[in-house]
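Asks: I am attaching a structure below and will ask some questions about it afterwards.
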Amino acid sequence: MKHIAIGILGAAALGFMASAASAGTLDTVKQKGFLQCGVSTGLAGFSAPDDKGDWKGIDADFCRAVAAAVFGDASKVKFTPLSAKERFTALQSGEIDLLSRNTTWTSNRDSALGLDFVGVTYYDGQGFMINAKKLPGVNSALQLSGAAVCVQSGTTTELNLADYFKKNKMEYNPVVFEKLEEVNAAYDAGRCDAYTTDQSGLYGIRLTLSSPADHVVLPEIISKEPLGPAVRQGDDQWAHIARWTYFALLNAEEAGITQANVEEMKTSTDPNIQRLLGTEPDGKYGADLGLSNDWVVNIVKAVGNYGEMFERNVGSGSPLKIARGINALWTKGGLQYGPPIR
Amino acid sequence: MASQEILREEPSRGSFINDPRIRSLFFQTLVVILLFSSIWWIVHNVIENLQRLHIASGFGFLKSRAGFDISDTPIAYTSDSTYFRALVVGLLNTIIIAVAGIVLATVVGFLIGIGRLSQNWLIRKICTIYVEVFRNIPPLLVIFFWYSGVLAVLPPPRESIHLPLGSFLNQRGFYLPRAVWGDGSWLIGVALLLAIAMAWFVAHRARQRQRATGQQFPVFWTSVALIIGLPMLAFLLGGMPLTFDFPKQSTFNLTGGFWIKPEFLSLLLALSFYTAAFIAEIVRAGIRGVSKGQTEAAAALGLRSAPILRLVVIPQAMRIVIPPLTSQYLNLTKNSSLAIAIGYPDLTATAGTVLNQTGQAVEGVFIMMIAYLVLSLVTSFVMNIVNARMALVER
């Protein structure tokens, strides 16, 4: 029901608040004093509240990074948990300023939905998870013909699933829920044979099941899922801030700037690091974006560089233990590449 | 009219500002103008804002390929079908759940309602407890109760419970043998239609005869014999053209047969049991609303208690029952949108998915509102016809 409420709210908001979005998002955010950030309703490693109610994960940390860039204070962010169906309407209607919710970048979403994707914070692909104890012989997704498959509605996952089974001339029975928790509960209760979503998500969800060891993630990756944050279309300044916050995280990792050494790096004479940290004389790269010149210092102080963010939330420092893989920097054979700040 | 004539005879008050006719005309025009201009303003604003925010608008997306699958499809549907067809599938699922729910809720509701007036203490108390429990729990909780509390704790597919007649029950649903009609089975359908026509004719003649001569005829049993007997005869004559497709165990689940999914089952049980509690109270109120004198007068005429109920009490009670019953049917239809919580692909769920895949929230919500409005108006229309037929006809 909630998505209808938001839909109507969205329609009403579009109808009545004619001027809300036309003022620059940066000014609006500064005026209210915090960043309203849309996250998932709870996906381990990306955005999920911990036992104290603090949001943890790459997506949540990206929100903090943007807040740090804007305010110099990563705590000035409020999180709005959104289901897959609610997320775009919430952004369109101005309810949130930034959508950082493991959302796949597609051409349709970029062009017809009034959104602008700012980058790919996590390169992912869709996979399948099954209960190996209940289905001992199954070790490939191609053996899933006739299976009941749990999936979250309104996602690219739902579309890839249909495509994959059609392409391989297999039958399946979709079991579709609106909320992630409902899909998890149904899969855990045995309502379906397989669970499909992005592979990173599967590893996270596996930890929340009643007996994680029984479940295996099948090897097939059936789609490209570049996950990234999005902003409303038509506000270039705000899009630049979000995009360059992401690039700053990558550049900081490449330059070896970490949460621990950022203060001492400020004294560096390396021109590249000086430009990044705003210590170059007469440099005004931050000011050009509408931020302070030490914006990168604020970001790295708050959440670390991209690599630290990754390891802390989904990598070796987390229960998920996902390898960097294609999410490594380009210098280490991965796809993460930050254009230069100069 | 009368009041206007009186007004017209009143003497002029000197100024047209004081003329009540001109004043009422003025204010009515003003309200109409305000209404239409605010509608125009909202529509205009929505269109303008959608354009400004670079959001695609219009209903052209309905012709695009949907790309997602739906679990319950009463009509042929694949991921290659259009968004429009996906919405039709959702609408049909809503209609199926609404009709099935209304039938079941009415049967249960009438039984419980009559049970509350029973002479038997135990039956009366059980029915009271039923009403108080189901009426005071939100329907969403009842749905979760059936879905997570009852159906989800059933065994997994490989340990299905075997039920008589080759049917099975497991946490994936309820499996029944499916009837497969062979050649010549059209004869059975024809025989059934013929039997119904004959039963109607017998009933009609019996009524005429009773009115003319006072003699009664066992209409009910004759009809039952006709409606069961004739198709049976056709079935035997046609060489028994019927086989059954039994559900069988396969790799993941049972296949074949007729499969009722747990989402449908729990939604149906929850909606009808919930609404039945309200219907029971309406029925009780209706029967109580028939004055005691009517029953006593009928008894004085020598009628026994069953004919009194059938011929005197129920026809009068129905007049009280039907209008609030219509509201309950409308409620049930609208409550079926709670299906989304357990993943039954009704209109709200499919339209929600379409809305999200296309990003066209305004159009999606508009389609949903129109669809529910039309469904409700059709239900009201049908119930108004029933009500008109039940109304007191003076002879």
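Just so it is clear, none of the values below were taken in a lab; they were calculated from the coordinates. If you're wondering where the values come from, they're calculated on a predicted model, not measured in any experiment. Reconstructed Cβ throughout: ideal geometry from the backbone, glycine too, with neighbour counts over all protein chains shown.
Asks: Measure out, as a whole number of angstrom, how far apart the alpha-carbon centroids of the stretch B:133-169 and the stretch B:203-247 sit.
Replies: 36
Asks: Shifting gears a bit: Amide H to amide H, which residues 5 or more places from A:Ala148 or on other chains are under 5 Å from it, using H placed in the peptide plane?
Replies: A:Asn173, A:Asp193, A:Ala194
Asks: Dipole magnitude of the protein assembly as shown about its Cα centre, charges +1 at Lys/Arg Cβ and -1 at Asp/Glu Cβ only, in debye to the nearest 20?
Replies: 3300
Asks: A further question follows. Please name whichever of A:Gly204, A:Cys192, A:Leu142 sits farthest to the positive end of the charge dipole of the stretch A:126-223, dipole taken about the Cα centre and charges placed at Cβ: Lys and Arg +1, Asp and Glu -1.
Replies: A:Leu142
Asks: For the Cα atoms of chain A, what angle does the longest principal axis make with the long axis of helix A:236-254, in degrees from 0 to 90, nearest 10?
Replies: 90
Asks: Shifting gears a bit: Which whole-Hz ³J(HN,Hα) couplings does the stretch A:209-224 yield from phi under the Karplus relation 6.51 cos²θ - 1.76 cosθ + 1.60, θ = phi - 60°, glycine and proline marked x?
Replies: Per-residue couplings from phi come out as 6, 5, 9, x, 5, 6, 9, 10, 8, 6, x, 5, 10, 9, 7, 9 Hz.
Asks: So, by mean Cβ neighbours within 10 angstrom, what's the order for B:264-270, A:87-93 with the highest one leading?
Replies: Per-residue Cβ counts within 10 Å, averaged per peptide and sorted highest first, yield A:87-93, B:264-270.
Asks: Here's something else I'd like to know. Fully extended, how many nm does the chain gain between B:Ala197 and B:Ala225 (0.36 nm per residue separation, minus their Cα-Cα distance)?
Replies: Values: separation 28, 0.36 × 28 = 10.08 nm, distance 1.32 nm.
That pair, B:Ala197 and B:Ala225, stretches by 8.8 nm at full extension.
Asks: Mean Kyte-Doolittle hydropathy of 1.0 or higher plus an axial Cα length of 20 Å or more: which whole DSSP H helices in chain B meet both?
Replies: Result, helices passing both filters: B:83-115, B:219-237, B:262-288, B:361-390.
Asks: I want to verify a result. In a Gaussian network model of chain B, Cα cutoff 10 Å, which of these has the top mean-square fluctuation: B:Gln208, B:Gln51, B:Gln360?
Replies: Top of the fluctuation ranking is B:Gln208.
Asks: What average number of partner chain Cβ atoms lie no more than 10 Å from the Cβ of the residues making up B:51-63? Show your work: numbers first, answer last.
Replies: Working: counts 1, 7, 12, 10, 10, 5, 1, 0, 0, 0, 1, 0, 0.
Mean shielding count: 4.
Asks: Rounding to the nearest 10 and keeping the result within 0 to 90°, find how far the Cα-based axis of helix A:156-167 lies from the longest principal axis of chain A.
Replies: The helix A:156-167 is inclined about 40 degrees to chain A.
Asks: If I model a spin label as a point 7 Å beyond the Cα along the Cα-Cβ vector, how far apart are those points for B:Phe217 and A:Lys134 in nm?
Replies: 6.0
Asks: In whole angstrom, how far apart do the alpha carbon centroids of the stretch B:24-99 and the stretch A:271-286 sit?
Replies: One Cα centre to the other: 52 Å.
Asks: Using each residue's phi in the stretch A:313-322, evaluate 6.51 cos²θ - 1.76 cosθ + 1.60 at θ = phi - 60° and report the 3J(HN,Hα) Karplus result to the nearest Hz, with x for Gly and Pro.
Replies: The phi angles translate into 9, 10, x, 5, x, 10, x, 6, 6, 7 Hz.
Asks: Here's another thing I want to ask about it. Would you kindly calculate the translational diffusion coefficient of the stretch A:16-124, applying Stokes-Einstein with the Kirkwood radius from alpha carbon pairs, for 25 °C and a viscosity of 0.890 mPa s, and quote it in µm² s⁻¹ without decimals?
Replies: My calculation gives 171 µm²/s for D.
Asks: Can you list residues whose amide H is under 5 Å from A:Lys78's amide H, if they're 5+ apart or on another chain and H is modeled 1.01 Å from N?
Replies: Under 5 Å from the amide H of A:Lys78: A:Leu35, A:Gln36, A:Cys37.
Asks: I've got another one for you. With the cut-off at 29 Å, tell me which of the pairs A:Lys179/B:Lys248; A:Lys85/A:Lys134; A:Lys169/A:Lys224 have Cα atoms farther apart than that.
Replies: Beyond 29 Å between Cα atoms: A:Lys179/B:Lys248; A:Lys85/A:Lys134.
Asks: Here's a follow-up. Just grab the label-to-label distance for B:Asp183 and A:Lys284, each label 7 Å out from Cα along the Cβ direction, in nm (one decimal).
Replies: 9.2
Asks: While we're here: With springs only between Cα atoms under 10 Å apart, run a GNM on chain A and tell me which of A:Leu135, A:Leu320, A:Leu144 wobbles the most.
Replies: A:Leu135
Asks: Next up: For a Förster distance of 56 Å, can you work out the FRET efficiency between the beta-carbons of A:Asp73 and A:Glu171, rounded to the nearest 0.05?
Replies: 0.55
Asks: Hey, which aspartates and glutamates would be in cross-link range of B:Lys334, C-alpha to C-alpha under 14 Å, not counting anything within fewer than 8 residues on its own chain?
Replies: B:Asp346
Asks: Separate question: For the protein assembly as shown, with the dipole built from +1 on Lys and Arg beta-carbon atoms and -1 on Asp and Glu ones, taken about the Cα centre, which of B:Val202, B:Ser250, A:Gly154 lies farthest toward the positive end?
Replies: Farthest towards the positive pole: B:Val202.
Asks: Sticking with this one: Using 0.36 nm times the number of residues separating B:Gln249 and B:Ala391, minus their current alpha carbon distance, what extension gain do you get?
Replies: Net length gain for the segment: 45.7 nm.
Asks: Taking the radius of gyration and the Kirkwood hydrodynamic radius from Cα positions alone, what is the Rg/Rh ratio for the stretch B:30-81, to two decimal places?
Replies: Taking Rh as the inverse mean 1/r over Cα pairs, Rg/Rh reads 1.27.
Asks: How much net charge surrounds A:Asp294 when only other residues with a Cβ under 13 Å from its Cβ are counted (Lys, Arg +1; Asp, Glu -1)?
Replies: +1
Asks: Can you list the lysines whose alpha carbon is less than 21 Å from that of A:Lys76, not counting same-chain residues fewer than 8 positions off?
Replies: Reachable lysines: A:Lys30, A:Lys32, A:Lys52, A:Lys56, A:Lys301.
Asks: Work out the mean other chain Cβ neighbour count within 10 Å for the residues of B:148-161 and drop it here as an integer.
Replies: On the way: counts 4, 0, 0, 2, 6, 1, 1, 1, 6, 4, 2, 0, 0, 0.
For peptide B:148-161, the averaged partner shielding equals 2.
Asks: To continue, here is another question. Counting only other chains, and only Cβ atoms inside 10 Å, what mean value do you get across the residues of A:232-244? Each step should come with its number before you reach the end.
Replies: Values: counts 3, 4, 3, 0, 0, 0, 0, 0, 0, 0, 0, 0, 0.
Across the residues of A:232-244, the mean count of other-chain Cβ atoms within 10 Å is 1.
Asks: Please give the contour-minus-distance gain from B:Leu233 to B:Val43: 0.36 nm per residue of separation, less the Cα-Cα distance, rounded to one decimal in nm. Intermediate values should be presented prior to the final figure.
Replies: On the way: separation 190, 0.36 × 190 = 68.40 nm, distance 6.30 nm.
Value of the extension gain: 62.1 nm.
Asks: Let me ask something additional. Using 1/(1 + (r/R0)^6) with R0 = 35 angstrom and r between the beta carbons of A:Lys332 and A:Lys301, what's the FRET efficiency to the nearest 0.05?
Replies: 0.90
Asks: Right, next: Round to the nearest 10 and give me the degree value, 0 to 90, for the angle of helix A:199-208's Cα axis relative to the longest principal axis of chain A.
Replies: Helix A:199-208 sits roughly 70 degrees off the main axis of chain A.
Asks: Restricted to Cα positions, what overall size does the protein assembly as shown have along the principal axes? Three whole-Å values, descending.
Replies: 118, 95, 50
Asks: To check you understand DSSP bridge types, tell me what percent of the beta bridges within chain A (both residues inside) are antiparallel, rounded to 5.
Replies: 55
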